[in-house]
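Remarks on the structure that follows.
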Amino acid sequence: MGIDNLLDGVQVASIVCNQWGDTGKGKFSDYFSEWADVIARGTGGNNAGHTVVVNGEKRVFHLLPAGIVYDSDGKSNILGKGMVIDPKVLSQEMDEILDTGKTINNLMVSRDAHVILDYHIKQDKARYESQSNGGVGSTGRGIGPCYSDKISRRGIRMFEFLDKDILASKISKVKDFYPNQKIDIEKIVEESRPFASRLSHFVRNTDAEMQNFLREGKKVLLEGAQGFLISVEHGTYPYVTPSDCSINGTANGVGISSRRIDLPLGIVKFPFMTRVGGGPFPTELGGIKSEKYCGESGHELQKELEANGINFMGPGEWIKYDSFHPRILKMIKSEDSFVRGVGMRLAAGEYGATTGRPRRIGWTDAVALKYAVGINGPLMILTKADCYSDKGDFEVCYGYDTPNGPTSEFRTDEDFLRSVKPQNKVYEGYGNIGDVRNFNDLPKSLRESIGDLEKFTGGNVAMVSVGAERDATIIR
Ligand code: GDP
Ligand code: MG
């Protein structure tokens, strides 16, 4: 099936991650932005991070939808009411886009989106710093406190932020809830005016705009953020992010019904998956040792390469090394699952896009995926299988052994997830798939595992991504 078949009759598509995030949403948001007239995000804030390539240059955006690079082509980009927005960060990202020679004429920001202010960030940082390993995790950008204020009915929305008197009066009512901070209302209001005046040109009733777009037959892409398993509604609470990262969340957050979504797509890393930050991860290679290790500083990409004697070129995010280095291949074949995990992290380059921190690695968990498919729908996009080319046998988890016997039911609580033992099926390794463009040309063991995955989860794999580039994509 080609992409035209997949998109035949589709007006609204939605893309979310079916795991713990970082599955390649950036690539597919860009892929489907080309098709869409309107690209809308409705959850999270600048705690997200997706990599977009503009004029051959890699850029990481945290707030703006990936479709912003198509503004010059008349495509509208919307930051919906379910988001929390830091005006300073938004303004910076707007400048970054303008610097590339692109436009932001069709950008819209919901008047009802909640605004992140200085005291949210301070509160978040204080909590972040007081957390040792094992905390619920936070990016320290004010997201959590801002959503807390929203739910506690004292949040400040974009239309209120724009008016300095309303803003001052709203902050005076919030102040008492931040007893550890000396909130200087005048200073916050004064310092925020340049951002308010800039953003005022973009603030709209985006709910009404969305309804108009739908009536006009415009094609809409809903862009998810983070991952289903850290959704506040469905994830491994309390190790979650404060928004709903499910397909439903993407619709709610932009003021439309999820019934309007014709093409819900869930991205799945396969045959290995990753998690950032603390929290249960049943299939993790190296278990608790890996969780602790990845939570400490000092294991960033460069450090991990040095520690394992693998030569590399260039500093920071431009580090280049041979992901087929004999030492990496040897680690992946180790008997010690922790070492195996380190090898797979190096082979797949699984380090945070902004922090460089190591991501925890484990085999794809079909039990968790079945749960995700039940809510996000059956259509899946598999990514990063190319990173496991020529790496030997691989595994997929199809059940948990628990103290009360085997189960294939996912539960979100930590005690349960930490008590289970994954039941994995082992498959024969496969060779290079980077150049494959037809599903039937994929190696037999990979097709067999995909078939098992579909049968077990009730899902359908619609696309397989075999590289970071746009054309490295198989459409089934
Ligand atoms: P996101 O947070 O879901 O957008 O994902 P990230 O951008 O944090 O991480 C995904 C990384 O993998 C990005 O650097 C992508 O360019 C890259 N990527 C996406 N899909 C594939 C794939 O199928 N194969 C390979 N090798 N890389 C991919
Ligand atoms: Mg990411």
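The table for this structure:
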read-out	value
Integer Hz, Karplus 6.51/-1.76/1.60 couplings in order for segment 236-252, x for Gly and Pro	7, 4, x, 7, 9, 9, x, 10, 8, 8, 7, 4, 4, x, 5, 7, 3
Nearest 10 degrees, 0 to 90: helix 366-376 Cα axis against the chain principal axis	40
For Q423, residues with placed amide H under 5 Å, excluding near neighbours	Y398, G399, Y400, D401
Neighbourhood net charge (13 Å Cβ-Cβ; Lys/Arg +1, Asp/Glu -1) for T100	-3
In sequence order, calculated HN-Hα J values of segment 416-428 (Karplus, 6.51, -1.76, 1.60; Hz; x Gly/Pro)	4, 5, 7, 8, 8, 10, x, 9, 9, 9, 9, 10, 5
Signed unit charges on C-beta, dipole axis of the chain, positive-most listed residue Y388, P242, F202	P242
Segment V60-L329, length gained on full extension (0.36 nm per residue, minus Cα span)	93.9 nm
Segment 340-476 - charge dipole about Cα centre, Lys and Arg +1 at Cβ, Asp and Glu -1, debye rounded to 20	200
Cα-centred dipole magnitude for segment 115-198, charges only on beta-carbon of K, R (+1) and D, E (-1), debye, nearest 20	200
Against the rule of thumb 2.2 N^0.38 Å, how large the Cα Rg of the chain comes out	0.97
Under 5 Å, built H, 5+ apart or other chain: amide partners of V461	M380
Those aspartates and glutamates that a straight Cα-Cα span of less than 14 Å connects to K25, excepting residues fewer than 8 apart in one chain	E223, E469
Stretchable slack from D99 to D401, in nm (0.36 nm times residue separation minus alpha-carbon distance)	103.3 nm
Expected 222 nm ellipticity per residue - DSSP helices of 4 or more, -39500 (n - 2.57), all of the chain, to 500	-9500 deg cm²/dmol
When each of K27/K218; K27/K444; K218/K320; K219/K320; K164/K218; K269/K320 is checked by Cα-Cα distance, pairs over 31 Å	K218/K320; K219/K320; K164/K218
Potential lengthening between E409 and K175 on full extension [0.36 nm per residue; Cα-Cα distance subtracted]	79.8 nm
Solvent accessible area, Å² - K425, 1.4 Å probe, full protein context	80
Residues with amide H under 5 Å from that of G467, placed H, sequence gap 5 or more	K384
GluC sites (Glu not before Pro) within segment 353-455: DSSP coil, no more than 16 neighbouring Cβ in 10 Å	E409, E428
0 to 90° range, to nearest 10: angle between helix 185-199 axis and the chain longest Cα axis	70
The chain - percent relative contact order, Cα under 8 Å, separation 6 or more	17
Size of electric dipole in the chain: Cβ of Lys, Arg +1 and of Asp, Glu -1, about Cα centre, debye, nearest 20	640
Euclidean distance of C-alpha centroids, segment 331-410 and segment 31-101, integer Å	29
Accessible area in the full protein assembly, largest first, 1.4 Å probe, for D435, D393, D365	D435, D393, D365
Amide N of segment 149-174 lying under 19 Å from the label point, which is placed 7 angstrom from the Cα of R193 along Cα→Cβ	159-172
From phi via Karplus (6.51, -1.76, 1.60), per-residue ³J(HN,Hα) for segment 378-385 in Hz, x at Gly/Pro	x, 6, 10, 10, 8, 10, 6, 4
Among G82, G217, Q423 - extreme Cα towards positive end, dipole of the chain, charges at beta-carbon	G82
Nearest 10 degrees, 0 to 90: helix 118-130 Cα axis against the chain principal axis	30
Efficiency of FRET between E306 and D336 - r from beta-carbon atoms, R0 25 angstrom, step 0.05	0.80
Beta bridges per DSSP with both ends in the chain, % antiparallel, nearest 5	40
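The values are calculated or read from the model by the stated rules, or taken from the named source; none is laboratory data. This structure is a prediction, so every number in the text was calculated from the model and none was measured. Virtual Cβ from ideal backbone geometry, glycine too; neighbours counted across all protein chains shown. Areas reflect the complete protein model, heavy atoms only, side chains present, ligands, DNA and RNA absent. Shrake-Rupley method; radii C 1.70, N 1.55, O 1.52, S 1.80 Å.
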